[in-house]
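Remarks on the structure that follows.
Read the figures in this text as sums done on the coordinates, not as results from a lab. Predicted model, so just to flag it, every value in this text is computed and none were measured. Cβ: placed from backbone, ideal geometry, glycine included. Neighbour counts: every protein chain shown.
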DNA sequence: CGGTAACATGTTATCGATAACAATTTGCAG
DNA sequence: CTGCAAATTGTTATCGATAACATGTTACCG
């Protein structure tokens, strides 16, 4: 392979200094229009390619924003990523993505790796981190946004909603239907912090509305999905009819429960109600449609991008953006 | 913010030269074990963070592999990404991800941006690219892998399967059931090249087995998903019963069609068969389970990672890895 | 105890672009 | 023309890590 073409080569060919080339290629107005076009033409004819590594090093600006998600194999997080990605695209800033698999220890490693790339900002999912992670982030003094949550003790900015509060309308809706015996299906381990908060929100709301203590059903380690929802329901068998309403930590889980119930010949919503969370496609398309909570995943991403834009403009105090959540009535309860 | 801690600072604190620190942190055996641990301890106590930008610049190796996917909001591509990502993780190489939204023009822009970051290899989905994209890639002389496809005229290496051939067992299976009038549901525009190949594979197989020409139904622009499958079926209404087998370009589409059919009171598979593609969770969990084709998305990612590992070891001629695809019988036909 | 191989550490120059400052050229009023 | 501000271009030093080469130190043999 031929040696790389650098600004020095372009400069030599045009007969100017490398500095002028640098300025010209960045469309610096102080370089005369004539020189600029000449430089650009020469650059492209020589096959010059801008070296972002060098710039990143010299300016200490990587042009990256680091993003961590629990999983990308989740339509909601993927939506958030897309919203963020599309909204960032015009700025030329690239996203450096990592998945934590719902494990804070993994998040710590991941963030360490990402920080080594000098990101200009850090976007993380949720408000639960190891102490080391918190220390690492804060000692860097870079803009941080926690999303999908509104932590009590935020690291910096946050864009999200209260997962606990979002369950209140669900429980109220079930109460209004006269449901008596509730259950909540979620993950066993502590990995899914947002799921845990939903569960706690449901428990508190149920207590407040005078329900007997609700049963907490364990669908396995996070991330729980269709398969676990279905698997749990199979294990329960017809005992599932003990309950007349099952709240699920997410729509896929709800869909798994729903499918298994129908396989057993149970009638939803007559025998029991099933609710999900997240307004996934599967909830809207399944027959019957699943009652769920819309959390506008894509808008979270867009809001994060918009906030990042403002943060790059100038420093500002900690922002807290609540995108809200709302009940979407389906046919399952 | 405090000034960044560099190797120089660590060196000073320990009382050695920066070079020794550099070696120690890379676990170079030539540094004595004692010195190494002392350096590492000091580094971590000073809060030293490795600066990849500097290394990337000095060594001209970015530590990146660039990856393009049509969409990350697709469980199969997400699986591939995860397989790739996990398998690459021990190497310390990071993935730089971009989504093309099923548009070759967008792919061109994206690849241009990604190449400016000096990736050490490029992994793209599919074998259809603009001429400019092909030129750009080939002039760089970096390892390229096309995945999810086995192009006739590959850019470099490929890891995937024949989307056309994968449809053959589906059509044969429907023939064996005595189905008569087939349809294929796919995207209208040319965006989804793999979907197009599946359609062509189905058409050819049907022709070979003596079926009358099969109907090609248009579910809208790629990516087609549950909603489009359901929408198309609603539009068709009871006319859908013209067919006794509907092959869908993917499982989500099939699920949309299935749900709508059941909403209309049609019996699947008695009135008509429905098949999907991709072995998504929804196919295995839905009731009835959807007959589909497994393409081991995660294994594609793992194979790509494994191939990358070998490519970094030493150059080799163009590799072509066929991961195959197999029919998964469900209850919908 | 001298000598040499094996081991351990240090020095110097450099990757390519650009900030900060310096110098030169141009344009135009007087 | 002269002079001086504005416009344009150039010079130098530098970001942090590391390859290549150089030097110092230890261990062990005869």
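Would you be able to say whether some residue in region B:37-48 is part of a loop (DSSP other than H, G, I, E, B) and within 14 Å of chain A (Cβ to nearest Cβ)?
yes
Sort through B:274, B:285 and tell me the only one that's in contact with a helix residue (DSSP H, G or I) (Cβ under 6 Å, 6 or more places away or on another chain), surrounded by 23 or more Cβ atoms within 10 Å (Cβ to Cβ), free of Cβ contacts under 8 Å to residues at least 12 places away in the same chain and within 14 Å of chain A (Cβ to nearest Cβ). It is B:285.
In summary, residue B:72 fulfils each of the numbered conditions (1) more than 7 Å from chain A (Cβ to nearest Cβ); (2) free of Cβ contacts under 8 Å to residues at least 60 places away in the same chain with the single exception of condition (1). Taking first residues from region A:5-26 that are over 23 Å from residue B:60 (Cα atoms) and partners that are more than 8 Å from DNA strand C (Cβ to nearest atom) and assigned to a helix (DSSP H, G or I), the Cβ contacts under 6 Å between residues at least 6 apart in sequence or on separate chains come to A:13/A:42; A:14/A:38; A:14/A:39; A:14/A:42; A:17/A:11; A:24/A:36; A:24/A:39.
Could you check region B:87-108 and list, in sequence order, the residues that are touching a strand residue (DSSP E or B) at 6+ places or on another chain (Cβ under 9 Å) and facing chain A (nearest Cβ under 9 Å)?
First pass over region B:87-108, keeping only residues touching a strand residue (DSSP E or B) at 6+ places or on another chain (Cβ under 9 Å): B:88, B:93-100, B:106-107.
Hits for region B:87-108 are B:94, B:95, B:96, B:97, B:98, B:99.
Looking at this structure, is residue B:29 more than 13 Å from chain A (Cβ to nearest Cβ), in contact (Cβ under 8 Å) with a residue 12 or more places away in the chain and more than 9 Å from DNA strand D (Cβ to nearest atom)? No, not satisfied.
Residues B:66, B:54, B:24, B:13: which one is part of a helix (DSSP H, G or I), more than 9 Å from DNA strand D (Cβ to nearest atom) and closer than 21 Å to residue B:92 by Cα?
B:24
Inside region B:21-67, residues that are away from DNA strand C (no atom under 12 Å from the Cβ) and under 30 Å from the mean Cα position of the chain (by Cα) make up a count of 7.
Only one entry in A:324, A:256 is under 25 Å from the mean Cα position of the chain (by Cα), under 24 Å from residue A:199 (Cα atoms) and part of a helix (DSSP H, G or I), namely A:256.
Quick check, is residue A:222 in contact with a strand residue (DSSP E or B) (Cβ under 8 Å, 6 or more places away or on another chain) and either within 14 Å of chain B (Cβ to nearest Cβ) or touching a residue at least 40 places away in the same chain (Cβ under 8 Å) (or both)?
Working: in contact with a strand residue (DSSP E or B) (Cβ under 8 Å, 6 or more places away or on another chain): no; either within 14 Å of chain B (Cβ to nearest Cβ) or touching a residue at least 40 places away in the same chain (Cβ under 8 Å) (or both): yes.
Considered against the rule, which asks whether it is in contact with a strand residue (DSSP E or B) (Cβ under 8 Å, 6 or more places away or on another chain) and either within 14 Å of chain B (Cβ to nearest Cβ) or touching a residue at least 40 places away in the same chain (Cβ under 8 Å) (or both), residue A:222 comes out as no.
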